[in-house]
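**Q** Got a structure for you, questions after.
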Amino acid sequence: MPDKQVFVLDANIIVSAVLLPRSLTRKAFDKVLRDGEIVVSEAVVNELDEVLRRPKLNNYVHEEERIQFLMMLLRESRIVRGNRVVEDCRDPKDNKYLELALEAGANCILSGDKDLLVLHPYHGIKIRNPQQFLDGE
């Protein structure tokens, strides 16, 4: 059996998967969870924790459910620690995903962010949106 593909998911992908359980993004998330390995870093977890606690998201899913989802994600993910620094993304806040992907030896970054998508491929790492990923691109 071949090794699982390693994936970095940006915060918007994860938040969309939580808030929109019937969405294309959730289908992509579920496929990655089932067939691949998700990696996260402390910086990514901190961003997710901050975003998922925003009161405005209560209109979609209760905070308790969002935090439970984050806990499940952490149980199912490999936490990668590293000190690699890159400055290749035009949005500096997104460099953490590139750093994580390089540190973890990821095969793919799943994102809907144009600032990341424009970098495809990044040092041999695919950067795909959910539709491209589900289509096998």
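The values are calculated or read from the model by the stated rules, or taken from the named source; none is laboratory data. Because the structure is a prediction, the values reported are computed rather than measured. Note that we place each Cβ from the backbone using ideal geometry, even for glycine, and neighbour counts take in every protein chain shown.
**Q** When the stretch 22-45 is examined, which residues are found to be farther than 23 Å from residue 96 by Cα and of a type in the set (Gly, Ala, Ser)?
**A** Listed by number, the list holds a single entry, 23.
**Q** If the Cβ limit is 6 Å and pairs must be 6+ apart or interchain, which residue in the stretch 4-26 that is free of Cβ contacts under 8 Å to residues at least 40 places away in the same chain and under 18 Å from residue 36 (Cα atoms) pairs with which residue that is in a strand (DSSP E or B) and of a type in the set (D, E, K, R)?
**A** 4/37
**Q** From the list 57, 134, 100, which one is closer than 20 Å to residue 25 by Cα, of a type in the set (A, V, I, L, M) and within 16 Å of the chain's Cα centre (by Cα)?
**A** 134
**Q** Right, something else. Just checking, how many residues over the stretch 21-53 are part of a loop (DSSP other than H, G, I, E, B), at pLDDT 95 or above and either out of contact with any Leu (no Cβ under 7 Å at 6 or more places or on another chain) or on the phi > 0 side of the Ramachandran plot (or both)?
**A** 3
**Q** If residue 57 satisfies all but one of (1) touching a residue at least 12 places away in the same chain (Cβ under 8 Å); (2) part of a helix (DSSP H, G or I); (3) within 21 Å of residue 137 (Cβ to Cβ), what's the number of the condition it fails?
**A** For residue 57, the failing item is (3).
**Q** Report, by residue number, each residue of the stretch 17-55 that is surrounded by 20 or more Cβ atoms within 10 Å (Cβ to Cβ), farther than 19 Å from residue 105 by Cβ and hydroxyl-bearing (Ser, Thr, Tyr).
**A** Once the filter is applied, which keeps residues that are surrounded by 20 or more Cβ atoms within 10 Å (Cβ to Cβ), farther than 19 Å from residue 105 by Cβ and hydroxyl-bearing (Ser, Thr, Tyr), the stretch 17-55 yields only 25.
**Q** Can you confirm whether the stretch 2-22 contains a residue that is in contact with a strand residue (DSSP E or B) (Cβ under 7 Å, 6 or more places away or on another chain) and among the aromatic types (Phe, Trp, Tyr)?
**A** Yes: the stretch 2-22 contains one or more residues that are in contact with a strand residue (DSSP E or B) (Cβ under 7 Å, 6 or more places away or on another chain) and among the aromatic types (Phe, Trp, Tyr).
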